[in-house]
1. Restricting to segment 235-250, what's the tally of residues that are aliphatic (A, V, I, L, M), assigned to a loop (DSSP other than H, G, I, E, B) and free of Cβ contacts under 8 Å to residues at least 60 places away in the same chain?
2. Restricting to segment 213-234, what's the tally of residues that are buried (at least 18 other Cβ atoms within 10 Å of the Cβ) and in a helix (DSSP H, G or I)?
3. Right, residue 22: among the aliphatic types (A, V, I, L, M) and assigned to a helix (DSSP H, G or I) or not?
4. Say whether the condition of being within 29 Å of residue 4 (Cβ to Cβ) and modelled with pLDDT of 90 or more is met by at least one residue in segment 233-241.
5. Among what's in segment 82-98 and is farther than 21 Å from residue 64 by Cβ and modelled with pLDDT of 85 or more, pick the residue that is nearest to the chain's Cα centre (by Cα).
6. Looking at segment 60-73, I want the residues that are within 20 Å of residue 43 (Cα to Cα) and have a partner that is open to solvent by 50 Å² or more (accessible area, probe 1.4 Å) and not in a loop (DSSP other than H, G, I, E, B) with Cβ atoms under 8 Å, at least 6 apart or on another chain. Which pairs are those?
7. Say we look at segment 81-140 and pick out the residues that are in contact with a helix residue (DSSP H, G or I) (Cβ under 8 Å, 6 or more places away or on another chain) and of a type in the set (D, E, K, R); which of these is farthest from residue 9 (Cα to Cα)?
8. Residues of segment 135-151 being under 18 Å from residue 74 (Cβ atoms) and surrounded by fewer than 24 Cβ atoms within 10 Å (Cβ to Cβ), which ones?
Amino acid sequence: MTRPPSSILVTGASSGIGAALARLYAAPDTTLFLGGRDEPRLAAIADDCRRAGACCIAQKVDVTDQDAMANWMADCNDTRALDLVIANAGVSAGSGYTGESADQVRHLLRVNVDGVFNTVLPAMHMMVTRGQGQIAVMSSLASFRGFPGAPAYCASKAALRVWGEGQRVWLRHRGVRLSVICPGFVETPMSRGNPYTMPFLMDAGRAARLIRKGLERDRGRIAFPWQTTWLVQLLAILPPALTDRLLSRMPSKPAAPEAHPQG
């Protein structure tokens, strides 16, 4: 059996799923490297983790800054070789009533896609060199079908899912495990702005426990809840002629001058 990770890096750790994962993994003899944009909230999460017995080092980071991310991750790995890297940071916004602006589309892709690349690519290099390690990529059940209420968000998460699933096959032959995480609706700052009913909504703590269980079992895709997973997979295989009319009735997620942070 693979030993539990004792050196863990989490981006987007100042709230939501990222914060819940940090608290869940916090334990004696565990070192947590937490990155986030909101320093006061990040400091509070770090304090919670220290009270649980973990050694916790928190750092304000911008995942879109490639050089800064590479330097931060190298420093963390030098402090204690990283066993698990969770690329969780991301943002969300929708088309609202007027459609997505070009700036919003580019912002979503820059944070959600480039931000994950800036986290995972350095981690891959470190772990492949060492011949061991584990990486988690935060995608979404929204990655299975483009929804008119949030097209750029869906596109960003689809890119991560497909890229991560391809990387998993390549990495497994080099001693590194990779899982793609596809949550449904989770109670986080990201979801609180949704002006519609969110079926099977779960709290971030339960989501974190499902993620940890999936990572322990080295599942390639950690998707939940099962009801929403089956629904989006059905939508993905049906022809657009059948699904476009249905999806056109769905309410849009609000657009935002600055997209809402994830984790």
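The values are calculated or read from the model by the stated rules, or taken from the named source; none is laboratory data. Predicted model only: the values in this text are computed from it and were never measured. Cβ coordinates were reconstructed from backbone atoms using ideal geometry, including for glycine residues, and neighbour counts include every protein chain displayed. Surface areas here come from the heavy atoms of the whole protein model, side chains and all, with no ligands, DNA or RNA. Shrake-Rupley method; radii C 1.70, N 1.55, O 1.52, S 1.80 Å.
1. Let us first name the residues in segment 235-250 that are aliphatic (A, V, I, L, M), namely 235-238, 241-242, 246-247, 250.
Filter again for assigned to a loop (DSSP other than H, G, I, E, B), leaving 238, 250.
Filter once more, so that each one left must be free of Cβ contacts under 8 Å to residues at least 60 places away in the same chain: 238.
Here the count works out to 1.
2. Initially, segment 213-234 is screened for residues buried (at least 18 other Cβ atoms within 10 Å of the Cβ), giving 214-215, 222-225, 228-229, 232.
Next cut, in a helix (DSSP H, G or I) only: 214-215, 228-229, 232.
So the count comes out to 5.
3. Working: among the aliphatic types (A, V, I, L, M): yes; assigned to a helix (DSSP H, G or I): yes.
Yes; evaluated as a whole, the condition is true for this residue.
4. The first filter runs over segment 233-241 and keeps only residues within 29 Å of residue 4 (Cβ to Cβ), leaving none.
No, that holds for no residue.
5. Taking segment 82-98 as the starting set, the residues that turn out to be farther than 21 Å from residue 64 by Cβ are 83-84, 95-98.
Subsequent filtering for residues that are modelled with pLDDT of 85 or more retains 83-84.
Values: 83: 17, 84: 13 Å.
That would be 84.
6. Taking only residues 6 or more apart or on different chains, the pairs are 60/39; 63/114; 72/59.
7. Looking at the filtered set, the residue picked out is 100.
8. Quick first cut of segment 135-151, residues under 18 Å from residue 74 (Cβ atoms) only: 135.
Across segment 135-151, there are no qualifying residues.
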